[in-house]
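Novice: I am attaching a structure below and will ask some questions about it afterwards.
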Amino acid sequence: MSDESRELREERERRIAELEARIQRRGVGVKAPVALLAMAVAGVLLGMMWKDLAYFFSPGNPLTLGAEGAYRYELLESNRYVQLHGIPTLRGAYGREGEDVYVVVGLRESPFLVRRRALPGEEWAPGQVPRQPDQRPFAIRGRLLAEEDAERYREGFKLLRELGEVQPRDGRLWMVVEGARPRGDKGLLLMALLLTAFILTNAALLLRSFKRKPG
């Protein structure tokens, strides 16, 4: 190969290398902020799931809080699986999720509210006058949440507090969400794993792109 051909090839390879370096620099400049933003959003979503994840891995044996007249308030702990017995209040708050009707009732002479599915005779539709909740004493198991940890049910807390049939303890009410068991929502764990994998994958790709960035 002549010296002229060799010089042309070297010049061409040098230009190609310079072009690739420019593309890489531009690629990092565009991708890095996008990747960081995506990781931040995924991190926020994961953070919003933190209490639900903590409950998912909490003990599966219910904490027994007692019955009417003998509740064990010293055992109160938000985000725990519990069981208790009580007498329902005369009035409750009704709501719908799809085709299902739910009732929030209090337990008399206690700080406890219970969110459960409507029983036969408690049918209700928006616009109708709510029926009196079933007055039979009952036992229940579910997820115990302090009022400040149950923002989703704030309207139920507000109504039952205003009706005056429950008794806040140290200024707080508590809600038992019927049927919510630890490790019951497998979709929650799957979503958390997907978000974690997404964050780690983006972090690895971002780190690799910076390592390839010319000095």
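Novice: Please give the length that would be gained between GLU109 and ARG72 if that part of the chain were fully extended, namely 0.36 nm times their separation in residues minus their C-alpha to C-alpha distance (nm, one decimal).
Specialist: Working: separation 37, 0.36 × 37 = 13.32 nm, distance 1.33 nm.
Gain in length upon complete extension: 12.0 nm.
Novice: In whole percent, how big is the carbon plus sulfur part of the accessible area of segment 68-201, probe 1.4 Å, protein atoms only? Before the final figure, lay out the partial values.
Specialist: Numbers: 3940 of 7550 Å².
Ligands and nucleic acids excluded, carbon and sulfur give 52 percent.
Novice: I would also like to ask the following. If you stretched the chain out fully between VAL129 and THR201, how much longer would it get, using 0.36 nm times the residue separation minus the C-alpha to C-alpha distance? The partial results should precede the final answer.
Specialist: On the way: separation 72, 0.36 × 72 = 25.92 nm, distance 5.31 nm.
Net length gain for the segment: 20.6 nm.
Novice: Right, next: What spacing in nm lies between the two simple spin-label points modelled at ARG208 and VAL41, each 7 Å away from Cα in the Cβ direction?
Specialist: Output for this residue pair reads 2.2 nm.
Novice: By accessible area of protein heavy atoms, probe 1.4 Å, what ranking do ASP170, ASP134, ASP185 get, highest first? Walk me through the intermediate numbers first.
Specialist: Working: ASP170 140, ASP134 30, ASP185 85 Å².
Reading off the accessible areas and sorting them downward yields ASP170, ASP185, ASP134.
Novice: Moving on. Would you kindly find the accessible area of PHE56, with a 1.4 Å probe and non-protein molecules such as ligands, DNA and RNA excluded, rounding to the nearest 10 Å²?
Specialist: 10 Å²
Novice: Rounded to the nearest whole Å², what accessible area per residue is found for segment 51-189 with the 1.4 Å probe?
Specialist: Working: 7500 Å² over 139 residues.
Per-residue accessible area for segment 51-189 comes out at 54 Å².
Novice: Using only Cα atoms, figure out Rg for segment 70-215 and give it as a multiple of 2.2 N^0.38 Å.
Specialist: Details: Rg = 21.1 Å, N = 146, 2.2 N^0.38 = 14.6 Å.
That ratio works out to 1.45.
Novice: Further question on the same structure: Taking θ = phi - 60°, what integer Hz values does the Karplus form 6.51 cos²θ - 1.76 cosθ + 1.60 yield along segment 33-40, in sequence order, with x for Gly and Pro?
Specialist: Running phi through 6.51 cos²θ - 1.76 cosθ + 1.60 with θ = phi - 60° gives x, 5, 5, 5, 5, 4, 5, 5 Hz.
The values are calculated or read from the model by the stated rules, or taken from the named source; none is laboratory data. Not measured: the values here are computed from a predicted model. Cβ atoms come from the backbone with ideal geometry, glycine included; neighbour counts cover every protein chain shown. The protein model used for the area step is the full one, side chains on, heavy atoms only, and it has no ligands, DNA or RNA in it. Shrake-Rupley method; radii C 1.70, N 1.55, O 1.52, S 1.80 Å.
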